[in-house]
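A.B. asks: To start, I am sharing the structure in question, which I have written as structure tokens.
The values are calculated or read from the model by the stated rules, or taken from the named source; none is laboratory data. Computed from a predicted structure; not experimentally measured. Virtual Cβ from ideal backbone geometry, glycine too; neighbours counted across all protein chains shown. Heavy atoms of the whole protein, side chains included, go into the accessibility calculation; ligands, DNA and RNA do not. Shrake-Rupley method; radii C 1.70, N 1.55, O 1.52, S 1.80 Å.
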Amino acid sequence: MMQAVYQAAAKINLALDILGRRGDGYHLMRMVMQSVSLFDLVTLEVIPGASGIHLECSAPEIPCDSRNLAWKAAERLLEAAGIQAAVHISIEKNIPSQAGMAGGSADAAAVLAGLNEMLGDPLPKERLYETGLSVGADVPFCMAGGTKLVEGIGERISPLPQLPESFFIIAKPVSGVATGPCFQRYDRLIQAEHPDIPAMLTALQGGNRPDIFRHMKNVLEQAADCTAVAELQKSLAAFHPLGCAMTGSGSAVAAAFGSKAEAENCLRGLAHLREKGTRLFFVTPVPYGVLRI
Ligand code: ATP
């Protein structure tokens, strides 16, 4: 039996835009994504030659069967590699669900990258990413990690310069936003305010923090239909972040600061929101999506 433990990093969107729709209904995205220091811990045990997938998760509301993205990832990897093995997956959940932080996708990415590594790299990188995309649109990014431009439905991933030192406060209200209905509401909008992603990319090349974060924006904010998101954005804005935007399809909101002290001040100032069930996280950017520890 082989065993290994992996950190699966959450992501935030520094920018999220929708450029159109494919014939099959999938939305064509352009996003600047960033992995951050909030991790699920994924423990993998593999018995080559045996069979069966087992999964346990510390969060009781998350399904522990084939609906779990980590389970799907294990099934698809074994199938694509033509390998028979029993896999036990144990997930210690820290990333909130229905937050737009790719919690499920991060676990799937850890299972794909981890199993492939433990089994001696049977799938080349390209096949691994293809298999990831078949599990979920955010899975390829979660394997790549760091600071990336993500386009198409999530399959085109281009490297970007690392962020200059920065600090984020993420606030996740009790209410979540379900991804599918959020996109459907977006489709019914008559007009939407789009982020200026080319300007953010130019700013990233220059490495100037205020320039970069000034362009933080998410076109789905207008479709989130969640008063808690709008309220949290107001609460965070009171601490004068360099930028602030909802991440993914919500409901978490991320605010960027140029110093640790400013971010900590915001965290202290919003601590009372925890009484109503809002979860607050202090995170920094990390240059990876999955890390064996
Ligand atoms: P995204 O940023 O990709 O939109 P999300 O914020 O919607 O992600 P997830 O943590 O991926 O949040 O959870 C969405 C739903 O997916 C959950 O309600 C849960 O039932 C299901 N799910 C399947 N597998 C997992 C997993 N490993 N971890 C969390 N949720 C999972």
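A.B. asks: In whole percent, and with a 1.4 Å probe on the protein chains, what portion of the accessible area of the chain is carbon and sulfur?
C.D. replies: Looking at the chain in its full context, I get 50 percent from C and S.
A.B. asks: Between Ser90, Gly136, Ala223, whose Cα lies farthest towards the positive end of the dipole of the chain when Lys and Arg beta carbons carry +1 and Asp and Glu beta carbons carry -1, centred on the Cα centre?
C.D. replies: My answer, from the dipole projection, is Ala223.
A.B. asks: Mind listing which GluC sites (Glu not before Pro) in segment 47-121 are in a DSSP loop and have 12 or fewer other Cβ atoms within 10 Å?
C.D. replies: Sparse-neighbourhood loop GluC sites (Glu not before Pro): Glu61.
A.B. asks: Separate question: Please go through segment 25-132 and write out the chymotrypsin sites (Phe, Trp or Tyr not before Pro) that DSSP classes as loop and that have at most 15 other C-beta atoms within 10 Å.
C.D. replies: Tyr26
A.B. asks: Can you give the charge dipole size of segment 1-63 about its Cα centre, rounded to the nearest 20 debye, using +1 on the beta carbon of Lys and Arg and -1 on the beta carbon of Asp and Glu?
C.D. replies: 380 debye
A.B. asks: Restricting attention to segment 189-290, which chymotrypsin sites (Phe, Trp or Tyr not before Pro) occupy a DSSP loop and are surrounded by at most 14 other Cβ atoms within 10 Å?
C.D. replies: Filter output for segment 189-290: Tyr288.
A.B. asks: Using the heavy atoms of the protein chains and a 1.4 angstrom probe, tell me the accessible area per residue for segment 42-110 in square angstrom.
C.D. replies: Normalised by residue count, the accessible surface of segment 42-110 is 41 Å².
A.B. asks: I need the P(r) histogram for the chain: all alpha carbon pairs, bin width 10 Å from 0 out to the longest distance, whole percents.
C.D. replies: Once binned at 10 Å, the Cα pair distances of the chain give 7, 29, 35, 22, 7, 1.
A.B. asks: On a 26 Å Cα-Cα criterion, which of the cross-link pairs Lys148/Lys172; Lys72/Lys217; Lys11/Lys72; Lys11/Lys276; Lys148/Lys234 come out too long?
C.D. replies: Lys72/Lys217; Lys148/Lys234
A.B. asks: Continuing with this model, one more query. Which of the peptides 215-225, 44-54 is most tightly packed, and how do the rest follow, judged by the mean count of other Cβ atoms within 10 Å per residue?
C.D. replies: Most protected by this proxy first, the peptides run 215-225, 44-54.
A.B. asks: Write down, largest first, the equivalent ellipsoid semi-axes of segment 1-145 in whole Å, where each equals the square root of 5 times an eigenvalue of the alpha-carbon gyration tensor.
C.D. replies: Ellipsoid semi-axes (Å, largest first): 25, 18, 13.
A.B. asks: Find out how many positive minus negative residues lie around Ala86, taking Lys and Arg as positive, Asp and Glu as negative, among other residues whose Cβ is under 13 Å from that of Ala86.
C.D. replies: -2
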